[in-house]
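Below is one structure, written out as structure tokens; comments come after it.
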Amino acid sequence: MTVAELVRMLASYPADLRVVVNGYEDGYDDLSPEQISRIRIALNTGKHKWEGRHGDPDDAAPEDAEVVEALLLRRVSN
């Protein structure tokens, strides 16, 4: 998903609708600006079903892995 796609999707919801992320084990947490950041990722490097599809380019990504910038919405439970 791109930022443009996300903006179009979000525009279809009421402006005052609360935005949450899933909690660590259960429940939901509010999303705050501090949880949104721009990062670099290596595409299609996950090898196990418990890993995300993409990975950190510094964590032994294959030499030929495509590295791109992405917008991260980080889940943080207090």
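The values are calculated or read from the model by the stated rules, or taken from the named source; none is laboratory data. None of the values given here were measured: they were computed from a predicted structure. Cβ atoms come from the backbone with ideal geometry, glycine included; neighbour counts cover every protein chain shown. With ligands, DNA and RNA removed, areas are computed over all heavy atoms of the protein, side chains included. Shrake-Rupley method; radii C 1.70, N 1.55, O 1.52, S 1.80 Å.
What the table below lists for this structure:
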{"item": "Binned Cα-Cα distance frequencies in the chain - 10 Å width, integer %", "result": "16, 36, 36, 11, 1"}
{"item": "Accessible surface of residue 68 - all protein chains present, 1.4 Å probe, nearest 10 Å²", "result": "40 Å²"}
{"item": "Chymotrypsin sites (Phe, Trp or Tyr not before Pro) lying in DSSP loop within the chain, provided at most 15 other Cβ fall within 10 Å", "result": "24, 50"}
{"item": "Mean residue ellipticity (222 nm) of the chain, computed from DSSP H runs ≥ 4 via -39,500 (n - 2.57), nearest 500", "result": "-3500 deg cm²/dmol"}
{"item": "Relative contact order [Cα under 8 Å, 6+ residues apart], the chain, whole percent", "result": "31 percent"}
{"item": "Per DSSP, loop trypsin sites (Lys or Arg not before Pro) in the chain with at most 11 further Cβ within 10 Å", "result": "18, 47, 49, 53"}
